[in-house]
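K.L.:
One structure follows; several queries about it will come next.
Read the figures in this text as sums done on the coordinates, not as results from a lab. Bear in mind the structure is a predicted one, so any value in this text is a computation, not a measurement. Cβ atoms come from the backbone with ideal geometry, glycine included; neighbour counts cover every protein chain shown.
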Amino acid sequence: TALPDRLLAREVERRAIKTFLRQHVCARRPGSLYVSGAPGTGKTALLNRLLPDMQEELGGAQTIIINCMSLRSSQSIFQVVANKLFRREQLRCLGNNIPRQLARQLCSAGPMVLLVVDEMDQLDSQAQDVLYTVFEWPWLLNSRLVLIGIANALDLTDRILPRLQAHPRCKPQLLNFPPYTKEQIVAIVQDRLSQVPGEKVLDNSAVQFCAGKVSSLSGDARKALDVCRRAVEMVEMDVRCQTVLKPVAECKSQLQALISLPHISRVMSEVYGDRMKSSSGAEHAFPLQQKFLACSLLLLTRDSQVKEVTLGKLHEVYRKVCRKQQMCGVDQSECLSLCSLLEARGIVSIKRTREARLAKVVLKIEEKDLEHALQDKVLMGSILREGLP
């Protein structure tokens, strides 16, 4: 799943970003673009492919690319940008108010600055001051900054940054990457397979099945490629075990055309179907309190259209769900422990903060998949049907 030589099914988005860069970086006009879309829809990959291709066209513009997942805190972005814009001797004289010094630097004479901020939602802070500051940079008087922000949430600028609504000129242009369709995923997988030397090892029906399943759940091309890779590894392991004493050439020949629909189906079952069960497959292996908590998180993300919720809000809804089902709920500290158990299962991720109740809980697997697994139980199905308490 490394960066491919070409990116299929993203011509519309490619043209939109090219046009934006030409109208702003090349024309020396500040501006901002917010790129949204679910994981695995090609947002970062397209920019990583496009920027080197346009390097000559962008001229002497200084490009700064930051992935916010690597930052210790949201405020760290200011220091990272300063390190790129100031010389070493200048950095020593910046003092404590780096954002103000950055604003001055971005409004002084010099080449255009293209700032690409990936995983932008990680800059989420209590007052959203960091996000506001970054989005306001292009609109300062004499600014030479062009901003491209990338995140999963379609409504990040409207939901998290309502102040931008009062300043229409500060609102970024919006570009959404839709999930890949089945046909697009088939084309992507087959294109990758065509770049592998040797005979074809993946049956067409297996590719079609994988693409159909992934497109219906998430449209994440990376997940489809990962499923195919796992299937290849699984068959290689099976062949290796069966032919451990045979010549290497004979082992390789046995792999050809072995990967078919049943192999993909087996991997898909491991990826999607068994997340809510233990490896033993026991009927009640998934503890009831964890089910209640997972169900509460699904209710919150489904009904309010948000992707992450605070632990305090999740605990509040979880307690109401428990009361409605005449069950005893755990307190907030134990709720965090339950979240950690769900995190270990790969179902949620937790963005921890100093204050536990403000920690953000994010659903990691597809909501449709989680909802389907929960509705296997009559009790869970009734909770989902009733909606938020």
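K.L.:
Could you give me the ³J(HN,Hα) list for the range 77-87, computed from phi with Karplus coefficients 6.51, -1.76, 1.60 and θ = phi - 60°, whole Hz, x at Gly and Pro?
P.N.:
3J(HN,Hα) across the range 77-87, in whole Hz: 4, 5, 5, 4, 5, 4, 4, 7, 9, 10, 6.
K.L.:
In addition: Provide the gained length on full extension for the span LEU388 to SER349, in nm with one decimal, where the gain is 0.36 nm per separating residue minus the Cα-Cα distance.
P.N.:
Value of the extension gain: 11.9 nm.
K.L.:
Another question about this same structure. Once the other residues with Cβ under 13 Å from the Cβ of PRO111 are scored (Lys, Arg +1; Asp, Glu -1), what is the net sum?
P.N.:
Charge balance in the 13 Å sphere: +3.
K.L.:
Output ³J(HN,Hα) for the range 192-204: one whole-Hz value per residue in order, computed from phi by the Karplus curve 6.51 cos²θ - 1.76 cosθ + 1.60 with θ = phi - 60°, and x for Gly and Pro.
P.N.:
Going residue by residue, I get 5, 5, 5, 8, 8, x, x, 6, 5, 10, 10, 5, 4 Hz, with x marking Gly and Pro.
K.L.:
Continuing with the same structure: Using alpha carbon centroids, what distance separates the range 81-95 and the range 178-228, in Å?
P.N.:
Computed from Cα coordinates, the inter-centre distance equals 46 Å.
K.L.:
List the longest stretch of the chain that has no exposed loop site; here a site is one of the GluC sites (Glu not before Pro) assigned by DSSP to anything other than H, G, I, E or B, with at most 13 other Cβ within 10 Å.
P.N.:
58-198
K.L.:
Work out which trypsin sites (Lys or Arg not before Pro) in the chain are exposed loop sites (DSSP not H, G, I, E or B, at most 15 other Cβ within 10 Å) and give the longest gap free of them.
P.N.:
Maximal segment without exposed cleavage sites: 201-351.
K.L.:
Check which residues have an amide H placed less than 5 Å from ILE64's amide H, if you skip close sequence neighbours.
P.N.:
LEU114, LEU115, VAL116
K.L.:
How high is the relative contact order of the chain, in percent, counting Cα pairs under 8 Å that sit 6 or more residues apart?
P.N.:
Relative contact order here is 15 percent.
K.L.:
Let's test the formula: R0 of 45 Å, r as the Cβ-Cβ distance of ASP226 and CYS26. What FRET efficiency results, to the nearest 0.05?
P.N.:
The formula returns an efficiency of 0.75 here.
K.L.:
Below 8 Å, C-alpha to C-alpha, sequence gap of six or more: please give me the relative contact order for the range 25-157 in percent.
P.N.:
Rounded, it is 42 percent for the range 25-157.
K.L.:
Which FRET efficiency value, to the nearest 0.05, do you get for CYS328 and SER125 by plugging their Cβ-Cβ distance into 1/(1 + (r/R0)^6) with R0 = 35 Å?
P.N.:
That pair, CYS328 with SER125, gives E of 0.50.
K.L.:
Given (i) 40, 32, 18; (ii) 35, 24, 22; (iii) 31, 28, 22, which label gives semi-axes √(5λ) of the Cα gyration tensor in Å as computed from the coordinates?
P.N.:
(i)
K.L.:
Here is a further query. Stretch GLU233-CYS93 to full length: gain in nm at 0.36 nm per residue minus the Cα-Cα span?
P.N.:
Extending this stretch completely gives an extra 45.0 nm.
K.L.:
In deg cm²/dmol, rounded to 500, what helix-only [θ] at 222 nm does the chain give when every DSSP H run of at least 4 residues adds -39500 (n - 2.57) and the total is split over its residues?
P.N.:
Taken over the chain, the calculation gives -14000 deg cm²/dmol.
K.L.:
If you take the beta carbon distance between LEU193 and GLN55 as r and set R0 to 22 Å, what does 1/(1 + (r/R0)^6) give as a FRET efficiency, to the nearest 0.05?
P.N.:
So the FRET efficiency works out to roughly 0.15.
K.L.:
Another question about this same structure. Using each residue's phi in the range 181-187, evaluate 6.51 cos²θ - 1.76 cosθ + 1.60 at θ = phi - 60° and report the 3J(HN,Hα) Karplus result to the nearest Hz, with x for Gly and Pro.
P.N.:
Those phi angles translate into 7, 4, 4, 5, 5, 4, 4 Hz.
K.L.:
Further question on the same structure: Which residues' amide hydrogens lie under 5 Å from the amide hydrogen of ILE259, considering only partners 5 or more residues apart or on another chain, with H built in the peptide plane?
P.N.:
Under 5 Å from the amide H of ILE259 lie the amide H atoms of ASP203, each far enough along the sequence or on another chain.
K.L.:
Over the chain, what is the percentage of antiparallel beta bridges among all DSSP beta bridges, to the nearest 5?
P.N.:
Once the DSSP bridges in the chain are tallied, antiparallel ones form about 25 percent.
K.L.:
Taking 7 Å along the Cα-to-C-beta vector as the label spot, tell me the ILE65-SER265 distance in nanometres, rounded to one decimal.
P.N.:
For ILE65 paired with SER265, the spin-label model returns 4.1 nm.
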